[in-house]
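The values are calculated or read from the model by the stated rules, or taken from the named source; none is laboratory data. None of the values given here were measured: they were computed from a predicted structure. Methodologically, a virtual Cβ is constructed for each residue, glycine included, from the backbone with ideal geometry; neighbour enumeration extends over all protein chains shown. Remember, those area values only see protein heavy atoms, side chains included, never the ligands or the DNA or RNA. Shrake-Rupley method; radii C 1.70, N 1.55, O 1.52, S 1.80 Å.
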Amino acid sequence: MAYRSASEEYGKVNSDARELAASFNLEKLTPEFYANPYPTYRALRENEPVKRLPNGSYFLTRYDDLVAAYKSTKVFSSDKKKEFSPKYGDSLLYEHHTTSLVFNDPPAHTRVRRLIMGALSPRAIAEMEPDLIALVDRLLDGLANKAKVDLIEDFACAIPIQVIGNLLDVPVDEREPLRDWSLAILGALEPVIGAEVFARGNKAVKDFLAYLEILVERRRAKPGNPQHDVLTRLIQGEDNGERLTSKELLHNCIFLLNAGHETTTNLIGNGLVALSEHPTEKARLIENQTLIKTAVEEMLRFESSNQLGNRMTVEPVELGGVAMPAGTPVTLCIGAANRDPAQFADPEKLDIGRTPNRHLAFGTGAHQCAGMALARLEGAIAISRFLARFPDYALSGEPVRGGRVRFRGFLSVPCVVS
Ligand code: HEM
């Protein structure tokens, strides 16, 4: 190989990064990108932080630009009716996503969010802790007797589905289809989808609605305690008479079940894989369990389970020095912003004691994640108890990635626990 001087080497790295940024297209991603998107995110942040994509949308990678977009709800709209109409046509998928609070602006958003936040009160979440600990310990007991464990199938994904199931009081023997419905509906949010993914997503909304109609009917006939049961609370509405319409109720229940599912599974799975790849940090956490809170924040930052957010400009605006007309779709890359050196010291390093750590894994502003306290609790209990029980766990094969750009996680992680 020809010898290159240090400055030539530096120049080559820079030109590679420029090329990586110049050729980036969210609609044509490579297997290398799915395996590790961070070199591309870095190249974009450094060379084209407000990147115009071939389809006319912009892709943002700087922390400050994301915060600016998240905070100006009036200019950067979350309403997806225009964007989703060509993607989903007149379908149940369209009805579902455009009725979910996350894809609406005030005043519809404010009303639905108030009802949901009321139901996810700190008290309601704190009361879930004993059941959560018992659930995690039961799962750990099950792992202890297995020669081969799949961290996702046998552990990470079993937790959120039961937690959200408990939150809405879905009978335990009726929870089995929830995971597949949720994966199918969220899978249809990928930037490009084929006919099969669309059909799967649409059928999942249909089946989910049919199931929830029965569940809601039963709950109307026999209400639960609104202090504990989120579904009863959403049905009954606020004391001031504010209520969800029945369409809003059903679609936002689906949204809640979905929002709290894959994301939290990925927090637990990504966290345990990251620790196994960083043995010093793993040993540090095992030695000092009080670090679990900052460790969970760092896992959220380092491998954010939700990597992309979307907005549409509703009036002309300048962002990061680029003028955008009204009607410009913008993608907010949380995964890139969470490794921006302008905000985080040594951002490519996993540091489980990192403070401050103002990551954007839950977004920020009016749409900031309504379930973040619950996600943090699930992450802390699942990861700390797993480590305490199986400090010597080790991966025993190649983890299989979910193959999605928006939701970053694993489908399967083979592992031995003792
Ligand atoms: C690690 C786990 C989680 C992550 C990374 C996550 C991430 C996010 C992000 C980034 C948003 C903002 C979307 C936007 O502004 O466009 C969001 C919104 C939301 N999340 Fe989460 N989430 C998690 C867990 C949960 C859980 C457990 C629940 C419920 C039980 C939940 C319920 C919601 C709701 C209702 C919204 C919509 C809020 C609004 O539009 O006002 N999430 N989440």
Positive-end residue of Ala221, Pro316, Leu377, charge dipole of the chain with Cβ unit charges: Pro316
Positive-end residue, the chain charge dipole about Cα centroid, Cβ charges, pick of Tyr58, Ala195, Ile152: Tyr58
C-alpha center-to-center spacing [region 31-110, region 289-339] in angstrom: 9 Å
Cross-link table Lys80/Lys206; Lys80/Lys282; Lys87/Lys247; Lys71/Lys349; Lys81/Lys206; Lys87/Lys293, entries beyond 31 Å C-alpha to C-alpha: Lys80/Lys282; Lys87/Lys293
For Val50, distant residues with modelled amide H under 5 Å away: none
Contour minus Cα-Cα distance for Val416 and Ala35 (0.36 nm per residue): 134.9 nm
Calculated from backbone phi, Karplus (6.51, -1.76, 1.60) coupling profile of region 366-376 in Hz, x at Gly/Pro: 4, 9, 3, 2, 7, x, 5, 5, 5, 4, 5
Built amide H within the under 5 Å cut-off of Met324, gap 5+: Val317, Glu318, Leu319
Virtual paramagnetic centre 7 Å along Cα→Cβ of Lys71, amide N under 16 Å, in region 321-335: 321
Derived scalar couplings ³J(HN,Hα) [region 86-98; Karplus, 6.51 cos²θ - 1.76 cosθ + 1.60; whole Hz; x for Gly, Pro]: x, 6, 10, x, 8, 10, 5, 4, 4, 4, 5, 5, 7
Note, ³J(HN,Hα) from phi for region 139-155, Karplus 6.51, -1.76, 1.60, rounded to Hz, x at Gly and Pro: 5, 5, 4, x, 5, 4, 8, 9, 5, 10, 10, 9, 4, 7, 4, 8, 9
Length released on extending from Arg18 to Asp137, taking residue separation times 0.36 nm less the Cα-Cα span: 38.0 nm
Probe 1.4 Å, accessible area per residue of the chain, Å²: 45 Å²
Residues Glu287 and Met117, FRET efficiency given R0 of 41 Å [Cβ-Cβ distance, rounded to 0.05]: 0.65
The chain, accessible surface, carbon-and-sulfur percent (1.4 angstrom probe): 54 percent
The chain - charge dipole about Cα centre, Lys and Arg +1 at Cβ, Asp and Glu -1, debye rounded to 20: 600 debye
Under-5 Å amide H pairs with Asn310, H placed in peptide plane, nonlocal only: Leu332
With eigenvalues of the C-alpha gyration tensor scaled by 5 and rooted, the chain, Å: 34, 29, 19
Distance in nm between pseudo-label sites at Asp90 and Leu53 (7 Å out along the Cβ direction from Cα): 2.8 nm
Zone residues, region 212-229, relative to Glu242, backbone N less than 20 Å from point 7 Å out along Cα-to-Cβ: 226-229
Estimated FRET transfer efficiency when R0 is 45 angstrom, pair Asn145-Ala323 (beta carbons, to 0.05): 0.15
Relative contact order [Cα under 8 Å, 6+ residues apart], the chain, whole percent: 24 percent
Lys, Arg +1 and Asp, Glu -1 on Cβ, resulting dipole of region 117-272 about Cα centre, debye, nearest 20: 280 debye
